[in-house]
Structure formats: C-alpha cells, structure tokens
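Okay, so here's the structure we're looking at.
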Amino acid sequence: MQINSLMKKIKEGLLRDYDKEVDRASVQEVHNVVAKIAITEISKAWHESENRFNTNRHAYFLSAEFLMGRAVQNNLICMGIYDEVKEALNQLGFDINKFEEIEDMALGNGGLGRLAACFLDSAASVNVPLKGYGIRYKYGLFKQKIEEGFQKEYADNWTSFGDEWSLRRFEDSIKIRFKDIEVLAVPYDMPIIGYENDNIGTLRLWQSEAIEDFDFDLFNNCKYDEAIRNKTIAENISAGLYPNDNTYEGKILRFRQQYFFSSASLQDLIRKYKELHGKDFSKLVSLNTIQLNDTHPVIAIPEFIRLMTLENNVEFDDAFNMAKEIFNYTNHTVMAEALEKWDVNLVKDLVPEVYEVIEKINEKLIEELTDLKVKKEDLDKYEVIKDNQVHMARLATYIGKYINGVAEIHSEILKKDTLKEWYEIYPDKFQNKTNGITQRRWLASCNKELTELYSRLLGDKSFLKDLSKLKELEKYSENKDIIDEFIQIKKNKKRELIDYIYKHEGIKLEEHFILDVQIKRLHEYKRQFMNALSILDIYFRLKDGELKDFTPTAFIFGGKAAPGYARAKAIIKFINEIADLINNDKDVQDKLKVVFVQNYNVSYAEKLIPGANVSEQISTAGTEASGTGNMKFMLNGAVTLGTYDGANIEIVREAGEENNYIFGATEEEVLRIKDSYDPVEIYNKDKHIKRVIDTLVDGTFSDGYEEEEVTEVKDGVEEATDENIEKEEIETVEEKLIEGTFKELYYALLKGTHWHKADHYFILNDLERYFNARIKLSNDYKNEYEFARKCFINSVNAGFFSSDRTIKEYAEEIWKL
Ligand code: 26Q
C-alpha cells in the first residue's frame, strides 16, 4: 500500500468515525481506524479463503480458550504492511509504538490457550484449512495488581473500547437448548491473517444472548422474575473465563459454557455441510475433522450424536461410527486434579438428551471391551459413567480417532500411566505432537533486531515461513563479528526491558546483571517456590561472604495465581517479601535484585522474553506436559536452566545439553524415590536448606496476618447468638489459614496434608542441584563471548519448535488433509 493513500485513509477514517484530526485522536481511536482499514483490505481474500475452506477437506479446532494477545502489530506484519503503516502514522505525527497501550485479548489462561492462538496463526500461514471455534468471553482473564505484596484481581473488560478486529455475524446465530432455558449463540468472526500469502483463516467465537431481547410473553403473564432470570442466565454463559489453569472446577456455569460453544460449533458446521451437500451425510466425515483441545469441548461428542440422530434422522449406529471418525483429542496435562469429571445429575439436569447418548456410548463401550476380552473386574477403569460421574477424558479416548500428548515425554506418560489401560487396547490411537510457537509473533514481532540480523545473514525472510532454515546459521557461532552483533542485540533488548520494568513496576534494574526470568502461571508443580527458596539461599550466602564472585543477577518473576488457589497466592506474597528484603539491603544491591512483575500477559511476555538471559523451566520431572515459554526463550537466545521435563528434553536434544543448564531428578528418579522420600531428612542435614525454610516460620517475613485480623475485629460487632458463635468458630479456622499462609507452606514442605505428602513436588530433593547449576551458570556468564555463543546456538536450533512444524504434523498424521 502507498504511504500517501494510507495517510489519507487514516485521516478520513478519524474524521468519519470520531470527527477528529490525528493530533486530537486517542490511541484507541487511531488503532480502531487502522484496524478497519486492514479488515477492509483483506475482506476479499478472506471471503475467497472461506470458500476454499468449505469445498475441501478441513479441520476444526474446538477450544474453550484462545489467548490471542494484541492483534494489531502481528496482523500488520502478516499483511506485509507494518513498515508502511508505521511510516504513514509517523508522518501524521503518531508513534506506532503507542499501540502498546491497546488491551490484550486475554481469552485464555496460559499455555493451552496460547497454543491455540499459535496454531491458528501457523495454519493460516502454511495453508492448512483450520477454523477455530471458542467462546467470546465478555471478561477475559483477570488483571493482576500486586498490592502490599499480595495479588489482587480486577475485571478485564477488554471490549470496552470496541473490538475492531471482529465482525458480528448475527445472521449465523444458533439456538442452544438447555432443559431450563434456550439461549442464542451469536458468532463473532476474527480474521487470522496468513504471513505474506492470500490465505485468511477464521476464529469464530460465540457470545451468548437472550433469544429475545425481552420475553414479553412471560412478562405479560406476570412472570416477571422468570423473564429476568432467563435473560440473566443467557447473558451470563459467556460472561467470564474461568481463571483456573491445570485444575478442574465442577461448576454448573462452566458446564453450560462447554456445552454452549460445543453445540453451537457443531450446529454451525452441520448447517454449512447441508448448505453444500444437502441431507446426504455420506461425505461428512471425509470432509470434516474436529480437534478437541483438552477435555473442555468433549461434550461435543455426545452432542454430535444427538444432533445427527434426533435432528437429522441418522441411525444411532451410523452417527456413533461417524463420531468415531470425526473427533480427535489432545491431552494437555497429567495432573490428576485437572481431569474433568461431571456429576451425572448435573449433566442430566441440564442436557437430558445428551446424557442419554452418553449412556448409550457407555453401553457400546462395555460391549466392545467384552469383545476385546477385557476382564469384568477391569471394566471399572474404562467406564465413561462411573461412581455417578461422567469421565470426560475416557469419553474422548474411547471415541477419539487419535489421541495425542504435547511433548515426547508427555505422550509416553499418557501411554504408560494416565491412559495406560486405553493404550493396552487401542495402541494405534496414540500419537505425539510436540508443541510449537509461531515465529511471526515470538521473533518477527517481538524481536525485530534479531529478525533483521537473521534475514541479512540468510539473504531473505523465508525463515519466517520455514524456521528450520535458522540451522544454516549455526556456522556463524564461530564468527566473532556475528556473535558480537548478537551480543549487542541482546543488550538492546535488555535495555528496553529494563526501561519497561522501571515504567511499570518502579524498580530499576541494571544492564550488566544477568536477567533470570521465570514467567508462567503460578502453580506448585512449576516450582516458583523452589526458585524463591534458592534465591534466598544465594542471598544468605552472599551475606556470609561465602559466594565471592557471584555474577550480579536480577531474578524476575511473572504470573497469575488462580484466585481460589491459596498456596499459589501465598507463594506470590513470599516472593514479594523476599524481593523487599533483598532490594532494600545495601550489602547486596550490586549483586542481587528480585522483581515480581504485575499482570504478566502475552504482551508483557513479548518484552520479557527477548530481554532474558536465562529461561527458568524447573517443574518437577514428569509434571509439565510440554511448556511453550521454554521454546520462546530459546528462539530469542536465552539458555534454559531447567529440569528433564516436558519439551525441555527435546530443546536440549536440539541445542545441546552443553549449551544449557539441566539439573535435578529425572522422571525415573522421581518414580524410584517417591515412596521412601523424606524431605525432613534433607532439611535436617543441610544447614543452607534449613536456614531458608525456617524463614517461613521464624518471623523473617510477614504473610500479612495482622492486617487481616484488624479488619476481622472491626467487623465483629454483632451480638453473640448460638448461630453466631458457630459461625465465628468457622471464621477462626479460616483465620488460622490466613494467619498461617507461610506456616502452611512450611508444613506443606515438611509434614504434608491430607491431600498431599510432604514436599509433593520434590523441591528439597532438587534444591542443591539447582544451586550448583546456578553457580555454574553464574561463572560461565563471566565469559561474555562463550556465553553468547551458547545463546546463539540455542536460537538457531529452535527451528523444530515452530508451530508451523506442529500444525503440519497434525494436518498429515491426524487430520489427513
Ligand atoms: C477445566 C475445568 C474447569 C475450569 C478450568 C479448567 C482448565 C482450564 C485450563 C483446565 C486446564 C487448563 C489449562 C491447561 C494448560 O494450559 N495446560 C498446558 O498446556 C500447554 C500447551 O499444551 C502445555 O505446554 C503445558 O505444559 C500445560 O500445562
């Protein structure tokens, strides 16, 4: 596009939509006008892509989460007009970097949601016909602030300034029937712009609305409450994203969300099929395939059979066989607490016809198992309906044509543990699809300098379409000039990050410090707690003069805790207490800094990752399915300080263990020591470990109990009645919990609880080896050149971790496109 014509369009747009000249327009207004210009520009290609999509075999990606982040920069880059728009805006006196104020689209929690977003980007870019279906939550993942060291949550009303990248398609609305209420699913379509090709994919998100704006029938019959209740339920279904990550919550509203978007998506695809092929369903499964992103959309399986049988006159057996062809299931976690099970009564109450289908599926399963000579006493392990619960992973594994894990080790764990009994009878269903990330966002968009260097050395930008090309650059790891340039780029990105952190957190870091970064959802298995304890250990040893030439290091954390996850929130507070202690201690200020950044999200990641030297990936071996942050750091030239877990294993296979810092127990070790593991023994033996753990209970830190107590007392002015006294007793118990958040962490490590044994995630078992790896890293870093070489080798070996590779594997080996 011509810069002059762009400038004209921007000026005209601002006058038309906001009656403003550029200098008076807000960032949001300029953004909205640019988005509108872009959408108009691609509309023809989008339409043509959708027609192509419908006439050939294609895949649907059903996901309760799509963590898209900010659209504008990525979309302009993919359209190939970023530089032109930047220049046009510049000439109009507007700095394109101001778009960093635009809200992220945070309709996801973490890894699973971001993976869905990377997949759509890759599919569009490598011409895989893939359409995303999900929920248009009114409120995305909460915004996090840190107040007095505690996490506080605030609503994320992301559309309050408009949603210019989406188109409302009311004409495609679909009715969804629950037993108690019928609601309307209204689709909003977002273009997914392929990188420098004419292919535009679609993400279709469903918003729930009342069927009629107001139910006059009910109202006129004096059923006011019911009229209002129906409208409220209808609008609440897509109101908010559940903030849980890797834990399941059996709430009615969550079930409604899952059924709502699963049913809408299936009805949509069946309607489209019928438009093109009429009521002859013989080609349905040869033209369509559906990927279920974890168990969240698995209710789609019985819903599909219900739609085919009850609404399209297909025989049950035929519908059942079609289901077995059309669905595939990806598992994203081995954590027992994340496996979804729904109460039979809940399912029956909300969608009785769907429940009947599940019962029939269960009968089919028992028949099949009997034919396969599975023993009667073993049936329990398979049954979809068991102990009054519907087991979603079992349903998905039984009906899914292919089942996959998301990294090699994870797929192996599924076969030998999580889904062991299923692997025994259906070995051919099981596959691995190691996750990936899109280099358009995680290199081209967030690290223009490194992108520039690589395209200069390679002669073109084709690595943005084929990341494996980076491997050709490995020869430059012996070239002093290139490594020096690489060092300069990292320094620039560190400086940018340091400025950004200063602006947002008010903490000034320094460039000559190692930037050591752990950013991910707060979870015990990810062991941010271990990182915190280890930092504290380093701090004490520095104070003691025990660590003479420790390289100055800034430890940066970021991540949200599910609001109901008390231990994760206590860990945030603990990290902030440590930060306070260390950042205010003059003795160590030229050696150590600790920062917990607020509201870690996709856009913050785009700043943190290019500026990092060290990527912390320290989950207990066998717990992190894959991880994808690890890949983003690698691509941007950080070394991995991590365990033998998830995709870390494949990362060091590609980039060399000698270029990374891998430590700690392997999955085999964990399994071997599990039953006899005694953290107290380690605690008693190792004075360093004892010293840091004791800070949880010896008054070094405050978990904020006093403040809580004061407000409790103020509120407690009611007269004492029997009922009140009982209530107060309950409150005292809760108060103890609040009082003891650090004490609770202490007991979790050394004593255990009724749900977990002491130190369930083997922190103490790995602490010493973690410390040693850190010291080695700290020493290695002193040789700037050699360390940079390691970083460079990591980056140029990241080709395998492009989601383009992953999506092609899905297309070939699962979807058979
Ligand atoms: C389920 C029921 C009710 C409410 C919430 C949930 C729920 C929501 C989100 C359960 C799990 C999740 C998210 C899981 C997740 O993000 N898993 C991560 O997936 C990544 C992509 O495959 C992997 O890289 C990570 O290792 C894995 O933890």
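The values are calculated or read from the model by the stated rules, or taken from the named source; none is laboratory data. Predicted, not measured: the structure shown is a model, and the values here were computed from it. For neighbour counting, all protein chains shown are included, and Cβ atoms are generated from backbone atoms with ideal geometry for every residue, glycine included. In case anyone asks, the SASA skips ligands and DNA or RNA and just uses the protein heavy atoms, side chains included. Shrake-Rupley method; radii C 1.70, N 1.55, O 1.52, S 1.80 Å.
For this structure, a couple of remarks:
- Answer from S619, S615 - the residue that is of a type outside the set (D, E, K, R), within 20 Å of the chain's Cα centre (by Cα) and assigned to a loop (DSSP other than H, G, I, E, B): S619
- Pairs where the first residue, in region 604-629, is within 24 Å of F486 (Cβ to Cβ) and of a type in the set (G, A, S) and the second is modelled with pLDDT under 95 and away from the ligand (no atom under 16 Å from the Cβ), C-beta under 7 Å, 6+ apart: none
- Among all residues of region 465-484, there is none that is small (G, A, S) and farther than 25 Å from Q617 by Cβ.
- Residues within region 237-257 that are near the ligand (Cβ under 8 Å from one of its atoms) and touching a helix residue (DSSP H, G or I) at 6+ places or on another chain (Cβ under 6 Å), tallied: 4
- Helices (runs of 4 or more DSSP H) fully within region 707-780 that include at least 1 residues being out of contact with any Asp or Glu (no Cβ under 6 Å at 6 or more places or on another chain), modelled with pLDDT of 95 or more and surrounded by fewer than 17 Cβ atoms within 10 Å (Cβ to Cβ): 741-750, 763-780.
Residues checked against (1) more than 30 Å from E452 (Cβ to Cβ); (2) open to solvent by 10 Å² or more (accessible area, probe 1.4 Å):
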{"residue": "F633", "(1), (2)": "no, no"}
{"residue": "G646", "(1), (2)": "yes, no"}
{"residue": "V652", "(1), (2)": "no, yes"}
{"residue": "R691", "(1), (2)": "yes, yes"}
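- Residue in region 117-136 that is surrounded by 18 or more Cβ atoms within 10 Å (Cβ to Cβ), part of a loop (DSSP other than H, G, I, E, B), of a type in the set (F, W, Y) and within 16 Å of the ligand (Cβ to nearest atom) present: no
- Any hit, region 94-115, residues being within 16 Å of the ligand (Cβ to nearest atom), in contact (Cβ under 8 Å) with a residue 24 or more places away in the chain and touching a Pro at 6+ places or on another chain (Cβ under 6 Å): no
- All positions within region 137-152 that are surrounded by fewer than 23 Cβ atoms within 10 Å (Cβ to Cβ), in a loop (DSSP other than H, G, I, E, B) and within 19 Å of the chain's Cα centre (by Cα): K138, F142
- Search result, residues across region 525-538 that are crowded, with 24+ Cβ neighbours inside 10 Å, within 16 Å of the ligand (Cβ to nearest atom) and not in a loop (DSSP other than H, G, I, E, B): K526, Q528
- Residues of region 460-471 that are open to solvent by 20 Å² or more (accessible area, probe 1.4 Å) and under 31 Å from the mean Cα position of the chain (by Cα): K461, S462, K465, D466, S468, K469, K471.
- For region 406-452, taking the residues that are more than 13 Å from the ligand (Cβ to nearest atom) and not in a helix (DSSP H, G or I), the one that is farthest from G637 (Cα to Cα) is identified as Y426.
- Qualifying residue in region 375-389 (condition: among the charged types (D, E, K, R), within 30 Å of V126 (Cα to Cα) and surrounded by fewer than 15 Cβ atoms within 10 Å (Cβ to Cβ)): no
- Every pair of residues 6+ apart whose Cβ atoms lie under 6 Å, when the first sits in region 550-574 and is in a loop (DSSP other than H, G, I, E, B) while the second is of a type in the set (S, T, N, Q): F550/S778; T551/S778; K560/Q144; A561/Q151; A562/N244
- Number of positions in region 362-401 that are closer than 30 Å to M631 by Cβ and either within 16 Å of the ligand (Cβ to nearest atom) or at pLDDT below 95 (or both): 3
- Matching residues, region 270-304, being among the hydrophobic types (A, V, I, L, M, F, W, C), away from the ligand (no atom under 16 Å from the Cβ) and either touching a strand residue (DSSP E or B) at 6+ places or on another chain (Cβ under 6 Å) or farther than 21 Å from S208 by Cβ (or both): L276, F281, L284, V285, L287, I290, I301
- For region 278-310, taking the residues that are surrounded by fewer than 18 Cβ atoms within 10 Å (Cβ to Cβ) and among the hydroxyl-bearing types (S, T, Y), the one that is farthest from V406 (Cα to Cα) is identified as S282.
- Unique match (being touching a strand residue (DSSP E or B) at 6+ places or on another chain (Cβ under 7 Å), modelled with pLDDT of 90 or more, of a type in the set (A, V, I, L, M) and closer than 30 Å to K44 by Cα) among I211, I237, I192: I192
- Note on region 221-231: among residues that are over 22 Å from K175 (Cβ atoms) and in a helix (DSSP H, G or I), the one that is nearest to the ligand (Cβ to nearest atom) is D225.
- Yes/no for L515 being surrounded by 24 or more Cβ atoms within 10 Å (Cβ to Cβ), away from the ligand (no atom under 16 Å from the Cβ) and outside any loop (DSSP other than H, G, I, E, B): yes
- Every listed requirement among (1) within 19 Å of Q258 (Cβ to Cβ); (2) within 16 Å of the ligand (Cβ to nearest atom); (3) open to solvent by 10 Å² or more (accessible area, probe 1.4 Å) is met by N345 save one, (2).
- Restricting region 605-659 to residues that are of a type in the set (D, E) and under 12 Å from N794 (Cβ atoms), the residue that is nearest to the ligand (Cβ to nearest atom): E654
- Being closer than 30 Å to N492 by Cβ and in contact with a Lys or Arg (Cβ under 7 Å, 6 or more places away or on another chain) holds for only one residue in N599, N636, and it is N599.
- Taking region 3-34 as the range and being β-branched (V, I, T) and surrounded by fewer than 18 Cβ atoms within 10 Å (Cβ to Cβ) as the test, the residues that pass are I3, V27.
- Criterion (more than 16 Å from the ligand (Cβ to nearest atom) and exposed (fewer than 13 other Cβ atoms within 10 Å of the Cβ)) met by exactly one of A234, A185, A155: A155
- From the options D180, D217, residue that is out of contact with any Leu (no Cβ under 9 Å at 6 or more places or on another chain), acidic (D, E) and open to solvent by 10 Å² or more (accessible area, probe 1.4 Å): D217
- Hits in region 164-194 - residues which are among the charged types (D, E, K, R) and under 18 Å from I252 (Cβ atoms): R177, K179, D180, E182
- Residue match in region 463-476 (condition: closer than 20 Å to V597 by Cα and of a type in the set (D, E, K, R)): no
- E359 more than 16 Å from the ligand (Cβ to nearest atom), free of Cβ contacts under 8 Å to residues at least 60 places away in the same chain, in contact with a strand residue (DSSP E or B) (Cβ under 8 Å, 6 or more places away or on another chain) and open to solvent by 50 Å² or more (accessible area, probe 1.4 Å): yes
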